[in-house]
Amino acid sequence: MTTTDTRDPYVGRDYGRHDIVIDADEVARYGDSVDDHNAMYAGASPFGGPVAPPLVRHSEVYAYREHAKAGAPSWYLPNLYGNLHARQEWEFFAPIIVGDAIYTRSLIADRYVKRGRDYVVNEVLYFATDGRVLQRGRTHQSFLRETDNSGIVVDKAREKSSERRFEVDASGALEEIPALEKQISLDMCWKFSGPNKNYHNDKEAALKWGFPDIVVQGMMSTCFLSQMMTERYGAGWIAGGKMDVRLVNIVWQSDALTCRGFVRELAPEGERRRAHLDVWVEKQDGTKVAIGSASAVV
C-alpha cells in the first residue's frame with residue numbers, strides 16, 4: 001500500500017493498492033471464524049472449482065488502517081475512544097475463485113456529521129488482475145466529536161430503550177427465506193478479529209475504549225447475512241448480490257443471534273429477475289443489531 005498524501009482523511013483521498021492471493025488456507029480461516037463451511041468453498045461450484053466466500057476479505061478496509069502502524073497514513077480519525085462501525089454496504093459483481101490473485105484500492109468516499117459523531121466512509125474496490133471489478137464495499141465508521149475519553153460510551157441498557165427498537169413489517173412479503181442462527185463465542189471473536197488484542201476480542205481493551213464488554217466486530221453480522229443469502233441464492237448472491245445494512249445496536253461477546261430475510265419484490269433485470277429483501281440480525285429478545293436491505297439475482 002502506497003500513498004504520498006499525509007493530510008487528514010478527506011473525500012477523494014486515495015490509500016493505495018494492496019495485492020492479495022485468496023488461497024485455500026484463507027478460505028478455511030474465514031470458515032472457522034464464522035462457522036461457514038459451504039461445500040462450494042472447497043469443492044465444485046457453479047463457477048467450476050472452489051469459489052471463495054463473498055466476504056472472505058470482509059475486513060480489508062481495516063487492513064489499510066493496520067498499515068498506518070507501519071508508517072502509512074491512516075483513514076481513521078485521531079480519537080479512537082468509543083468509535084463504532086455504523087453502516088456497511090456490499091456489492092458483488094463477480095466471483096473470487098480460490099487461488100486467484102486479486103488487488104484492492106481504498107479511498108474516502110464520503111464524510112458527514114450525525115448526532116454528535118463524525119462519520120468517515122471508506123470505499124474499497126476489489127479487482128481481478130486483469131482490471132475487472134469484483135466487489136465494492138463501503139464502510140461507515142463513526143467517531144465521537146467531543147469526549148473526555150472516560151466512562152462508558154455505550155452500556156448494555158441502551159439497546160432496551162424505545163429509540164433503539166427497530167421493527168420489520170412482514171405484511172405483503174412474498175417469501176421468508178430460511179433463517180440462520182449463530183451463537184457468538186470468545187473463540188469466534190479471536191479468530192475473526194485477531195490475532196492482536198483489541199476491543200473486539202478482549203474485555204480489558206473494551207473497557208479502555210469506553211465499552212463494558214467485548215464489542216463483536218460489526219462486520220461479523222454482515223458475514224452472517226451473506227451466509228444466509230448464499231445458502232438461499234447461491235451463484236445469484238456470489239455474483240450479483242447487494243447489501244446495505246445499518247449496525248444499530250452492539251453485539252456483545254456472548255450474544256445468540258438469528259438472521260432473517262423477507263422477499264419484498266421480484267423485479268426484472270435483463271433476462272433474469274432480482275429478488276429484493278428486507279434483512280436483519282436480531283438477538284434472542286428481538287433486539288435488532290443490523291437492519292437493512294439485500295438483493296440477489298434469480
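Values in this text are rule-based calculations from the coordinates and carry no lab data. For clarity, every value in this text was computed on a predicted model and none was experimentally measured. FYI the Cβ positions are ideal-geometry reconstructions off the backbone, even for glycines, and counts take in every protein chain you see.
Side notes on the structure shown:
- Residues of region 73-102 with amide N under 19 Å of the 7 Å Cα→Cβ point at Ala44: 97-98
- Rounded to the nearest whole angstrom, the semi-axes of the ellipsoid equivalent to region 56-161, taken from the Cα gyration tensor as √(5λ), stand at 31, 16, 12, largest first.
- Assigned charges on the beta-carbon of Lys, Arg, Asp, Glu; the chain dipole about Cα centre (debye): 680 debye
- Cα→Cβ-extended label distance, 7 Å offset, between Tyr10 and Tyr81, nm: 2.8 nm
- Net lengthening on full extension, Ser254/Asp32 (0.36 nm per residue, minus Cα-Cα): 78.2 nm
- Exposure proxy ranking, count of Cβ atoms within 10 Å, fewest first, for Arg138, Arg115, Arg145: Arg115, Arg145, Arg138
- Across all Cα atoms of region 215-293, the radius of gyration (one decimal) and Dmax (whole number) stand at 13.4, 45 Å.
- Note on region 115-171: Cα-only Rg and Dmax are 18.3, 50 Å.
- A simple spin-label model places pseudo-atoms 7 Å from Cα toward Cβ; at Ala128 and Ser185 they are separated by 3.8 nm.
- Fewest-first sequence of Thr258, Thr129 by Cβ atoms within 10 Å of each Cβ: Thr129, Thr258
- Value of relative contact order over the chain, rounded to a whole percent, pairs C-alpha under 8 Å and six or more apart: 19 percent
- P(r) tail for the chain: Cα pairs beyond 27 Å make up 41% of the total.
- Note on the chain: lysine pairs with Cα distance below 17 Å, sequence gap of 8 or more or different chains, count 12.
- Global geometry of region 103-202, whether rounded, prolate or oblate, following the gyration tensor of its Cα atoms and the 1.5 cut on a/c: rounded
- Compared with the direct C-alpha span, the chain from Arg164 to Glu176 gains 1.9 nm at full extension, assuming 0.36 nm per residue.
- Here region 113-131 is scanned for amide nitrogen atoms under 16 Å from the site 7 Å beyond the Cα of Arg17 along Cα-to-Cβ, giving 125-131.
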